[in-house]
Every structure is written in C-alpha cells, then in structure tokens.
Amino acid sequence: MNNQVKKIGMLTGGGDCPGLNAVIRAVTKAAIANYGYEVIGYKFGYRGLYNNDFIKLDAHSVSGILHKGGTILYSSNKDNLFDYQVEENGQCVRKDVSDVAVENMKKEGVDVLVVLGGDGTLTSARDFARKGVKVIGVPKTIDNDLSKTDVTFGFNSAVDVVVDALDKLHTTAESHHRIMILEVMGRNAGWIALHAGIAGSADVILIPEIPFSLDAIVTKMNERSQRGLPFSIIVVSEGAMEKGGELTIAKIVSDSPDPVRLGGIGNKLAMALEARITDHEIRSTVLGHLQRGGITSAYDRLLSTRYGVAAVELIAKGKFGSMVALKDGKMTYAPLEEVIGKNKQVDVDSELIQVAKSLGVSFGE
Ligand code: F6P
C-alpha cells in the first residue's frame with residue numbers, strides 16, 4: 001500500500017454516458033473498504049475542481065446508483081482549466097488556472113485525482129500529471145475511440161440502444177417497403193455504427209474509416225429489391241462522408257475545447273438517395289443523445305466496476321499518470337502520455353469488417 005495517499009478526489013468530465021455511476025461506486029467502495037482512503041467527488045468535472053465544489057462520497061452516497069445512466073457528480077465538456085474563461089477587469093479572458101485547482105486539492109488534502117473521461121478530459125488529466133499531480137484515468141466514452149484499451153465503458157450500452165432502434169426501424173421499414181436511415185454518434189470513429197449495424201442486421205453500414213459512394217448504396221438497394229426484399233436499413237455514423245466529400249457539421253460550440261459537433265449526414269444522405277431512388281420512400285432518424293442515456297447495460301456495469309476497482313489498485317501501487325485499460329480480457333494500465341491524441345479508429349481489415357462483408361453488408365465502397 002502507498003501510505004502517502006489518504007484522500008482521493010474524483011471527477012467525471014466530457015459527454016456523459018452509462019457506466020459513470022458504476023465507476024464512481026466501485027472506486028468509492030473499494031477505496032474505503034480495502035484501503036481506508038477518504039473519497040470526495042468534484043461537481044461538473046474540472047469546474048468543480050476550480051471552484052472547490054465537491055461532495056463527500058461514501059458507501060451511503062453511492063448506494064443504488066450502479067444501474068443508473070448519467071453521473072451523480074454531473075459533467076461538463078467545456079471546462080479546460082489550462083485554457084479557462086475567466087472575467088478580469090470586466091473582460092472575458094482565457095488563461096491557465098490549473099494552479100488554482102492544484103491549490104484546492106492541497107487545501108482539501110486530496111492526494112490523488114481519479115478522472116473519468118474521454119480524450120479531452122484525459123488530456124487535461126495528462127497535463128495535471130505533467131504538473132506533478134498524482135492522476136489515474138478511467139476510459140469513458142460511448143465512441144470507444146480511446147487508444148490503449150480494447151473498450152471504453154459506455155460503448156456497450158450505446159450499442160444496445162442503437163440495436164433496439166434498428167429492431168424497431170426494421171418492422172416499420174418492412175411494412176411500408178421503405179429505406180430507413182439511422183444516424184448514430186461516434187465522432188470520427190465508426191465503432192457504434194459497426195457493432196450495432198451487425199447486431200441490428202443493417203444492410204448498409206457507413207463509417208468514417210470507409211468513405212462511401214452513392215452509386216454503391218443505390219446498387220445495394222436495387223439488388224435487395226430484385227431479390228424480393230423491397231426495404232432496407234442503413235446505419236450511418238455521424239462522422240461518415242462521401243468519397244471526396246467533407247464531414248457534416250451540426251454546430252460549432254466555440255467555448256468547448258473540441259468545438260466541432262457532428263450531425264446531419266443522415267438527412268443529407270436521405271436527400272441524395274431520394275434523387276436517385278424513386279421506387280421507395282426514404283426516411284431518416286437521428287438517434288442523438290438517446291445513445292448516452294438510460295440504464296447501464298450488464299456488460300458496462302461489470303466493466304465499469306472492474307475499472308473502478310483497478311483504479312484503486314493502481315493508486316495503492318503508486319502507478320500514477322496512467323489510465324486503467326482492458327487488454328485481451330484482462331485489466332491492465334497504460335501511461336496517459338501514450339493514450340492522448342491517438343484516436344482509435346476501426347481497422348478496415350479487421351475481422352469484424354470481414355464478418356459483415358461475408359454476410360453481404362455493404363460499406364458503400
Ligand atoms: O463523445 C461522445 C459524443 O456523444 C459524440 O458521440 C458526439 O459527437 C458528441 O459527444 C456530442 O456532444 P454534445 O453532447 O456536446 O452534443
């Protein structure tokens with residue numbers, strides 16, 4: 001046991017997802033029961049660290065939250081303390097206020113910061129580690145795009161939501177002989193579309209890693225009609241784009257560290273296909289934030305619990321500046337320095353892509 005540590009501060013940053021509460025619960029329970037550490041949770045991610053706004057976490061406060069989506073600590077995907085908006089002399093200016101956070105931790109006697117987040121949130125965690133703060137990261141995101149881990153928590157629950165939506169779209173597509181397009185999240189990685197597309201029996205899966213052509217999609221639709229299947233399901237990842245085309249941007253959130261919000265490719269695709277396919281009606285659905293809500297899947301409850309317990313073990317072993325990870329079914333860890341800035345995309349030669357192709361799924365190539 002690392003006797004230097006007495007108190008853990010924990011925060012959840014970036015977009016929320018199912019599993020955050022399960023990690024909070026596991027860290028709190030394992031830290032108190034196995035090592036006698038105290039645990040506090042900062043509210044609204046790094047903003048809480050800056051404002052010294054926290055709650056005490058104990059067995060009572062984390063009771064009954066395992067299955068719940070969201071985060072009892074709240075979250076923010078805007079507050080980068082290394083480039084933070086503050087008011088000075090009546091003017092809004094951006095500055096590095098990370099020292100305030102470090103001071104706050106010292107004041108409260110917090111020895112270690114446990115950060116539950118994706119690439120943006122863990123970039124700040126890495127930057128705090130560079131300042132000498134003891135940090136442990138836990139890989140969170142429905143997008144599954146963090147490197148050095150096979151899977152992030154939240155991904156499986158999001159895939160379940162998409163598969164459920166695809167099952168529902170299938171029945172109505174079949175009744176009306178329509179082409180149904182489902183736009184899903186994932187930013188610049190096609191993990192959600194690929195996994196849910198296969199599990200939800202999509203006919204076409206469009207992912208950022210494989211730029212698509214409209215001709216290929218039309219050919220696939222016609223083929224199906226000729227085979228007596230006059231309806232089709234297309235899953236399109238928000239980051240997918242036509243060959244030679246551009247990303248479809250929904251909005252720019254200027255005060256966010258990662259300001260680009262993707263969205264709109266589903267409707268764009270529907271319009272483009274309507275101009276080429278006249279014998280079927282086309283409808284587009286955007287699943288949006290439903291993918292981040294609801295209850296946590298059994299898989300994510302288990303994974304998040306394992307991650308939480310592993311994070312406490314890393315603290316006890318003094319392995320700071322690292323992120324817990326899952327590799328080949330086993331809990332391990334990786335230096336945050338090696339995690340950050342390496343978007344994990346779908347390998348286009350992977351077994352899963354081949355499996356889909358073997359079943360006749362088109363990637364619009
Ligand atoms: O990273 C998680 C995610 O849900 C992405 O899949 C999506 O592009 C983005 O966050 C949406 O962000 P916001 O909640 O700010 O609209």
Regarding the range 158-177, can at least one residue be identified that is in contact with a helix residue (DSSP H, G or I) (Cβ under 6 Å, 6 or more places away or on another chain), open to solvent by 10 Å² or more (accessible area, probe 1.4 Å) and not β-branched (V, I, T)?
no
Residue count for the range 133-144, restricted to those that are among the basic types (K, R), open to solvent by less than 20 Å² (accessible area, probe 1.4 Å) and closer than 15 Å to K319 by Cβ
0
Could you look through the range 347-356, keep only residues that are part of a helix (DSSP H, G or I) and either without any contact (Cβ under 8 Å) to a residue 60 or more places away in the chain or of a type in the set (S, T, Y) (or both), and pick out the one that is least open to solvent (accessible area, probe 1.4 Å)?
Q354
Given the conditions (1) more than 19 Å from D16 (Cβ to Cβ); (2) crowded, with 24+ Cβ neighbours inside 10 Å, and given that S147 satisfies all but one, which numbered condition is not satisfied?
(2)
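Of all residues in the range 202-222, which are away from the ligand (no atom under 16 Å from the Cβ), outside any strand (DSSP E or B) and within 23 Å of the chain's Cα centre (by Cα)? Please lay out each step first, then the result.
Restricting attention to the range 202-222, the residues satisfying the condition of being away from the ligand (no atom under 16 Å from the Cβ) are 202-205, 210-222.
From the residues that got through so far, the ones that are outside any strand (DSSP E or B) too are 202-203, 210-211, 213-222.
Answer for the range 202-222, where residues must be away from the ligand (no atom under 16 Å from the Cβ), outside any strand (DSSP E or B) and within 23 Å of the chain's Cα centre (by Cα): A202, I210, P211.
Residues are listed down the side, and each one gets a yes or a no for (1) under 30 Å from K95 (Cα atoms); (2) touching a strand residue (DSSP E or B) at 6+ places or on another chain (Cβ under 8 Å); (3) in the same structural domain as S124 (by TED's automatic domain parsing):
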residue: G190; (1), (2), (3): no, yes, no
residue: A196; (1), (2), (3): no, yes, no
residue: E209; (1), (2), (3): no, no, no
residue: D215; (1), (2), (3): no, no, no
residue: N222; (1), (2), (3): no, no, no
residue: L247; (1), (2), (3): no, yes, no
residue: S254; (1), (2), (3): yes, no, no
residue: V260; (1), (2), (3): yes, yes, no
residue: S284; (1), (2), (3): no, yes, no
Counting only residues that are assigned to a helix (DSSP H, G or I) and open to solvent by less than 60 Å² (accessible area, probe 1.4 Å), how many does the range 28-48 have?
6
Could you tell me whether the range 223-235 includes any residue that is away from the ligand (no atom under 13 Å from the Cβ), of a type in the set (G, A, S) and part of a strand (DSSP E or B)?
yes
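The values are calculated or read from the model by the stated rules, or taken from the named source; none is laboratory data. No experiment lies behind these values; they were computed from the predicted model shown. Cβ sites come from the backbone with ideal geometry, for glycine too, and all protein chains shown count toward neighbours. For accessibility, only protein heavy atoms count, side chains too; no ligands or nucleic acids. Shrake-Rupley method; radii C 1.70, N 1.55, O 1.52, S 1.80 Å.
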